[in-house]
1. Spot the failing condition for A:Pro322; the list is (1) assigned by TED's automatic domain parsing to the domain that holds A:Gly255; (2) surrounded by fewer than 20 Cβ atoms within 10 Å (Cβ to Cβ), and only one is missed.
2. Mind checking which residues of the stretch B:131-145 are in a helix (DSSP H, G or I), in contact (Cβ under 8 Å) with a residue 40 or more places away in the chain and in contact with a helix residue (DSSP H, G or I) (Cβ under 6 Å, 6 or more places away or on another chain)?
3. Which residue, of A:Lys329, A:Lys246, is assigned by TED's automatic domain parsing to the domain that holds A:Gly363 and closer than 25 Å to A:Gly39 by Cβ?
4. Would you confirm, using the coordinates I've provided, whether B:Ala159 is buried (at least 24 other Cβ atoms within 10 Å of the Cβ) and either in contact with a Leu (Cβ under 9 Å, 6 or more places away or on another chain) or in the same structural domain as B:Phe56 (by TED's automatic domain parsing) (or both)?
5. In the list A:Phe56, A:Phe117, which residue meets the criterion of being among the aromatic types (Phe, Trp, Tyr) and out of contact with any strand residue (DSSP E or B) (no Cβ under 9 Å at 6 or more places or on another chain)?
6. Limited to the stretch B:250-264, what total is found for residues that are without any contact (Cβ under 8 Å) to a residue 60 or more places away in the chain and in a loop (DSSP other than H, G, I, E, B)?
7. Which condition does A:Lys235 not pass, out of (1) basic (Lys, Arg); (2) touching a helix residue (DSSP H, G or I) at 6+ places or on another chain (Cβ under 8 Å); (3) assigned to a helix (DSSP H, G or I); (4) over 25 Å from A:Thr187 (Cβ atoms), if it passes all the others?
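The values are calculated or read from the model by the stated rules, or taken from the named source; none is laboratory data. Computed from a predicted model, the values in this text were never measured in an experiment. Methodologically, a virtual Cβ is constructed for each residue, glycine included, from the backbone with ideal geometry; neighbour enumeration extends over all protein chains shown.
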Number of protein chains: 2
Amino acid sequence: MAKKSLSHLYSCESLSAQPSAIRDICALVSQPEIRSLAGGWPDAAEFPLEEIGRIFEALMAEHGGQMFQYGSTEGLRDLRLELARRMRNEGLLKAKADDLLITHGSAQGMQLAAQVFVDRGDVVMAGLPTYFGGPGAVRARGGKVVGVPVDRQGLDTTALKQEVKRLKTAGERVKGVYVIPNFQNPTGVTLSLKRRRRLIQLADEFDLIIFEDDPYGELRFEGRHLPSLKSLDDKGRVVHLRSLSKTFVPGMRLGWVYAAKGAVRKMVVAKQFADAATNTPSQYILLEFIRQGLLDRQIKRNISYYRTKRDFMLEQMKRHFPAAATWNKPQGGFFIFVYLPTGMDAADLFRRAVERKVAFVTGQSFFVDGGGRHTFRLSYAQADNKDIQFAVRVLGKLIKQNLPRRNIEKAA
Amino acid sequence: MAKKSLSHLYSCESLSAQPSAIRDICALVSQPEIRSLAGGWPDAAEFPLEEIGRIFEALMAEHGGQMFQYGSTEGLRDLRLELARRMRNEGLLKAKADDLLITHGSAQGMQLAAQVFVDRGDVVMAGLPTYFGGPGAVRARGGKVVGVPVDRQGLDTTALKQEVKRLKTAGERVKGVYVIPNFQNPTGVTLSLKRRRRLIQLADEFDLIIFEDDPYGELRFEGRHLPSLKSLDDKGRVVHLRSLSKTFVPGMRLGWVYAAKGAVRKMVVAKQFADAATNTPSQYILLEFIRQGLLDRQIKRNISYYRTKRDFMLEQMKRHFPAAATWNKPQGGFFIFVYLPTGMDAADLFRRAVERKVAFVTGQSFFVDGGGRHTFRLSYAQADNKDIQFAVRVLGKLIKQNLPRRNIEKAA
């Protein structure tokens, strides 16, 4: 009764907000007997525990209580200096500690960016498909998200231009583009250099902000690193969002934003009222981890570890999946995205798979237009080879059975 | 140039957002030679370092990588069970883990509550003065904050009723009341039991949400604990916000929200897109700290420690401040609020004090109506007795000199 009596007081955004489908799926399939290729989480077995333990002890002795005191909203200055230095080495030559804000995970970076740039009714463009964190943050501000196709070169910039033009002509306030340039979640696809340059041009032409979400960029298995959108941006239009969740550990919830000074100042103010400051001990630990050269070492290890798992999964897919299903070979990150023949229903496949104790994520939740029913995402990050082998074989068999449409009620 | 070219793309809320004046003052006065009574931070010398170090080591051995993995958005279930148990012992008899959300500090709790309940233009009532975190979170949603006087019994509920009536008659959408019931920041005042009951009645009468922000309640030095607003609420109108920053450590950024089930579900969805989940190792550490009975012990220690400091500061104020200045005796928490004779300017006092290497927080930043120029806040939490003695003596002398109005430019 209390619940009902309050709902008329909910905000518009809260009334329409939908929970993250993936987090729900992950909860559903977290039973130990399930062979899950669903989660996009890194493998906890690879976390640098020994190093963290040693560093924590030394930091306690060195800093005492200061290590657990409130920190500045911007984040530990020495840590920002280190992260700026790393970014300069990556080609972001102008990166400075003062233009950088430490966030409670890169999700918070996107939330703050949306707070600063999105008003109710504003439109942000995003990939079909795309990770839903960006769209979720935009919608939490009352913004709208409009999809643009993603192909093997990443976000289709020709389609983007047409769509933005159409929307602007229709009187829509198109404000920005949300893009994951490297090993995109969920497709694993990397935005080509040509399209990166084109995207920057389009942002200038149509007066857009680019929300560049790059949690996977440092986990490149092969090929050369492409310049970040931010490094191609001389107008301050790119908000560059980074995460330590895939290179260090996710549980410490550490990420950062690098953007034009004015925008960063606005995000700092937004963060003052969002959570005041990021977890202090986690920042100290990361700083020391970087200073001791351990982050570079950890990234190398992760690259080697996840590359081997990717190779194994691709090999298994080649062996067990029918030719009618297609997928990409990601050059980094965690994900392989599968397109079934149109008309086949991945949700149906999911129900049959769960009966066989196998799980993945249906693709539809990554399509802001509700499409993608014939797609699904696999992750090799957390599963071991035995589970990958078992799960891929089961999926291959189920797909080959050329699923007839079944009633949701029946399967549930 | 980049900065200018982006400002037309800022959101309305971001354009009008003001940085927290206190965080700026704290930065200004963080030089070691300053005797500061400004910060509202707990004393890092009191943090339970040895216990944290011991617990961390044991947890690493027990949980391994899971301790650094992503957690659920709701927070560690065992921790929610412990916090619910504690709340039941406090008189919140129906508190259940499922109606509880772990947040990245109580600031995030307020942000999520505002996300769920505040639309652009909605009005939330707040004390004159009040801590600005609540108003900041409301304004970040485009909401408006209207002040209601605070006296020695806390928020003036008679004035509240009149003001809400007036606003509703004028067509305003009054949505809620933000209140810090115990040892309020900045006044140190506690809301009387009579007014607590009255506030619940008014919320029913005017269909309001009560944002009950209670970071200090457990630090009661004397007298009996008063029932929380949430414990008097049988309609689910109270969003109860709690913090571990003053009872455990602030740097781990741990707080929680307890509210009606439907509202908590909405806040969980909002948090999925705000930062996905709260820092995992900090939650594990807190859980173990509670399980070992250390939180209760720490709270007892803190009460004794801060009570002694409060007593010392009150004694010094009695000795050095002129009769024309008035202040309260807080029964807990960190703050004493000083009213100078009307016409005197605390900002002027501040400038003179800083010249003498003494700092505090001017009261004006706590008044959403811009009033309170003749008030200021002192905190005994972080300063040692020597600094308290020095600072209070200097302030007493400066106040007695009956400050003439001076030009801001001149003093700066």
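1. Answer for A:Pro322: the failing condition is (1).
2. Passing the criteria: B:Gly133, B:Gly134, B:Val138, B:Ala140.
3. Working: A:Lys246 fails: assigned by TED's automatic domain parsing to the domain that holds A:Gly363.
Just one listed residue meets the conditions, A:Lys329.
4. On the way: buried (at least 24 other Cβ atoms within 10 Å of the Cβ): no; either in contact with a Leu (Cβ under 9 Å, 6 or more places away or on another chain) or in the same structural domain as B:Phe56 (by TED's automatic domain parsing) (or both): yes.
Taking the combined requirement at face value, the residue does not satisfy it.
5. Details: A:Phe117 fails: out of contact with any strand residue (DSSP E or B) (no Cβ under 9 Å at 6 or more places or on another chain).
Testing whether each residue is among the aromatic types (Phe, Trp, Tyr) and out of contact with any strand residue (DSSP E or B) (no Cβ under 9 Å at 6 or more places or on another chain) leaves just A:Phe56.
6. Step one: filter the stretch B:250-264 for residues without any contact (Cβ under 8 Å) to a residue 60 or more places away in the chain, giving B:251-252, B:262.
The next check asks that each one be in a loop (DSSP other than H, G, I, E, B); those that pass are B:251-252.
Of the residues in that region, 2 qualify.
7. Status for A:Lys235: all satisfied but (3).
Here is a yes/no grid of residues against (1) over 22 Å from the mean Cα position of the chain (by Cα); (2) crowded, with 21+ Cβ neighbours inside 10 Å; (3) under 28 Å from B:Gly75 (Cα atoms); (4) touching a residue at least 12 places away in the same chain (Cβ under 8 Å):
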site: A:Glu222; (1), (2), (3), (4): no, no, no, yes
site: A:Leu244; (1), (2), (3), (4): no, yes, yes, yes
site: A:Phe273; (1), (2), (3), (4): yes, yes, yes, no
site: A:Thr278; (1), (2), (3), (4): no, yes, yes, yes
site: A:Leu286; (1), (2), (3), (4): no, yes, yes, yes
site: A:Tyr305; (1), (2), (3), (4): no, no, no, yes
site: A:Glu315; (1), (2), (3), (4): yes, no, no, no
